[in-house]
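The next block holds one structure in the form of structure tokens; read it before the comments.
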Amino acid sequence: MLIDALSDPPQEGQIFKTDVCIIGGGVAGLTLTRELAKSGLSVMTLEGGGLKESKRSQAIYRGDRSGRKYFRLHRARRRYLGGSSNCWAGLCARLRPSDFEKRSWVPHSGWPITHKDIDPYYDEAGKILKIGSFHPQLDQPRASGTHLSGPGLKLDGFESVFFQMSSPVRLGTLWLDELKKLDRAQVMVNANVSHLQLAQHGQAMDSVDCKVFDGPSFKVKAKYFVLACGGIENPRMLLNARDVAQQGIGNQHDLVGRYFMEHPHIDRESLWLPAGVAPRLRYRSFKRKKTKDRIWPFLRPTAECLAQEELLDFSLVLFKRSKIAKEEKKHPLLTAVQRSSEYLHSSSRKPKSILAYTFGNPMEQAPNPDSRVMLNEDGDRDELGLIKSTLNWQLSSLEKRTLRRGHELLAEAVVLANHGRMRVTPTLNLDTFPKQTKGGYHHMGTTRMASNEREGVVDGDGKVFGVDNLYVAGSSIFTTSGAANPTLNIVALALRLAEHLSHEKTKGEKAR
């Protein structure tokens with residue numbers, strides 16, 4: 001059932017009761033809604049926005065920024081049904097097994113779960129996002145029935161992988177008719193959650209307070225609550241709830257909001273290849289003939305290479321450039337490629353030519369407690385009365401070394417394979433990051449998963465430490481970010497949580 005709290009408002013002071021209350025109607029929240037309703041649980045999902053974007057709703061996301069330059073917070077996510085599925089590009093990639101492991105050179109790494117715990121949910125997550133059932137490793141294709149050639153560069157220490165492309169799906173639109181017909185779920189839009197209310201003993205959630213713009217206030221009581229508002233809003237909601245837990249819910253060790261991670265992107269390095277080599281490259285996405293899904297080939301370092309060099313993960317995608325810039329034509333490395341091109345074409349009448357590529361380079365960010373989401377220190381509040389957030393995005397020396405050494409390794413591998421030459425920008429030697437370093441609109445780690453409350457906010461099931469019936473969903477629970485885009489992994493973890501909550505309800509019924 002779909003309810004619009006603006007056109008069909010609840011009564012003032014009305015109390016709704018349900019098995020599961022989901023706060024947030026984005027990728028994680030809507031996935032949970034569908035799955036839990038199928039399992040027989042009653043569900044109420046509260047989405048603060050409507051069916052379309054509005055300035056008034058987006059204004060709730062306004063906040064401050066400190067630390068590294070970052071996007072304006074109210075433009076870095078979407079506050080209406082479907083959440084950030086309304087603005088994502090559609091790139092889907094799985095976290096790899098090594099992302100879950102404790103790495104001695106990556107502080108605060110190591111999930112309380114393994115890749116095997118999430119792997120069973122990837123195929124279903126792929127179906128939800130409208131991508132084919134397909135393993136990204138080049139040597140393990142599924143479903144296609146045809147051989148897929150990779151980017152065309154066989155380089156020491158690197159492997160070819162395929163990331164998949166969703167259309168991209170907009171879940172609020174895609175599932176709208178289905179949500180209207182769900183018997184066990186009520187999805188209420190324009191229902192702003194203004195407070196998370198703990199029971200007086202502080203060990204369980206009692207209810208959530210809700211407000212409708214220019215309308216009534218009401219409550220929702222539930223056996224289980226799931227906070228699914230994204231990597232900035234999840235910690236803001238927890239930190240604002242300070243009437244029972246004075247430091248905020250789940251914040252007994254000052255960890256809520258810390259370990260904010262992004263995927264730093266730097267698109268600048270040049271790769272120059274003789275025309276005799278370049279045609280073998282797949283440098284852009286393409287559709288598979290049989291399954292019609294879109295694939296994008298990437299290069300990434302092997303897990304063994306990362307361990308040996310003690311680097312963070314990163315991936316590389318090639319973008320062909322239309323021409324070589326004037327300032328590049330005098331570069332000594334380009335001259336070396338020109339000689340290689342002359343050799344390749346010495347026995348033919350083909351024109352001597354060199355093709356230029358730029359690398360897109362999204363990379364992992366190490367968990368860093370100083371990179372964090374906080375409440376505004378001046379106490380500025382939004383229309384709902386919640387203190388606004390301040391994002392302090394920080395990068396460390398490990399990201400800097402990964403950026404520099406990763407480019408060096410790639411340049412060395414290109415030369416050893418006699419493919420061409422790569423320019424590594426001299427300014428990467430500086431202590432600061434290049435000015436064009438930006439994020440990917442990926443907000444991760446702020447309610448991180450851990451094995452105990454001194455290292456994180458939620459346990460391996462996503463339950464907040466110390467609160468028996470409160471869970472968190474979405475990329476805010478990521479312990480580390482890997483170099484994979486988050487959406488596919490968000491859906492897989494939401495499917496896992498739905499199964500867990502269904503089992504918890506069954507266990508509770510048997511215990512009676």
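The values are calculated or read from the model by the stated rules, or taken from the named source; none is laboratory data. Nothing here was measured: the structure is a model prediction, and the numbers come from that model. Backbone-built Cβ (ideal geometry, glycine too); neighbour counts: all protein chains shown.
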**Report entry** Looking only at the range 107-130, and only at residues there that are crowded, with 16+ Cβ neighbours inside 10 Å and among the hydroxyl-bearing types (Ser, Thr, Tyr), the one that is nearest to Leu312 (Cα to Cα)
**Finding:** Ser109
Query raised in the report: With respect to Gly456, is the statement that it is in the same structural domain as Asn485 (by TED's automatic domain parsing), part of a loop (DSSP other than H, G, I, E, B), surrounded by 20 or more Cβ atoms within 10 Å (Cβ to Cβ) and touching a helix residue (DSSP H, G or I) at 6+ places or on another chain (Cβ under 9 Å) true?
Result: yes
Query raised in the report: Restricting the first residue to the range 418-443 and requiring it to be at pLDDT below 70, which pairs with a second residue that is among the hydrophobic types (A, V, I, L, M, F, W, C) meet a Cβ separation below 8 Å and a spacing of at least six or different chains?
Result: Leu428/Leu403
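For the range 473-506, how many residues are over 15 Å from the mean Cα position of the chain (by Cα) and of a type outside the set (Lys, Arg)?
To start, the set of residues in the range 473-506 that are over 15 Å from the mean Cα position of the chain (by Cα) comprises 495-506.
Imposing the further condition that a residue be of a type outside the set (Lys, Arg) reduces the set to 495, 497-504, 506.
Residues that pass the stated criteria total 10.
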Query raised in the report: If Thr447 satisfies every condition in (1) in contact (Cβ under 8 Å) with a residue 24 or more places away in the chain; (2) among the hydroxyl-bearing types (Ser, Thr, Tyr); (3) not in a loop (DSSP other than H, G, I, E, B) but one, which is the exception?
Result: (3)
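Among the residues of the range 98-137, count how many are of a type in the set (A, V, I, L, M), touching a strand residue (DSSP E or B) at 6+ places or on another chain (Cβ under 9 Å) and under 30 Å from Leu51 (Cβ atoms). So that I can check it myself, show each step before the final result.
Residues of the range 98-137 of a type in the set (A, V, I, L, M): 106, 113, 118, 125, 128-129, 131.
If we keep only those that are touching a strand residue (DSSP E or B) at 6+ places or on another chain (Cβ under 9 Å) as well, we get 113, 125, 129, 131.
Subset that is under 30 Å from Leu51 (Cβ atoms): 125, 129, 131.
Counting residues in the range 98-137 that are of a type in the set (A, V, I, L, M), touching a strand residue (DSSP E or B) at 6+ places or on another chain (Cβ under 9 Å) and under 30 Å from Leu51 (Cβ atoms) gives 3.
Determine which member of the set Lys55, Lys38, Lys116 is under 30 Å from Asp382 (Cα atoms) and among the basic types (Lys, Arg).
Working: Lys38 fails: under 30 Å from Asp382 (Cα atoms); Lys116 fails: under 30 Å from Asp382 (Cα atoms).
Just a single option satisfies the conditions, and that option is Lys55.
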Report task. Kindly indicate the residue of the range 258-267 that is modelled with pLDDT of 95 or more and closer than 15 Å to Tyr70 by Cβ and also surrounded by the fewest Cβ atoms within 10 Å (Cβ to Cβ) among those meeting that condition. Result -> His263
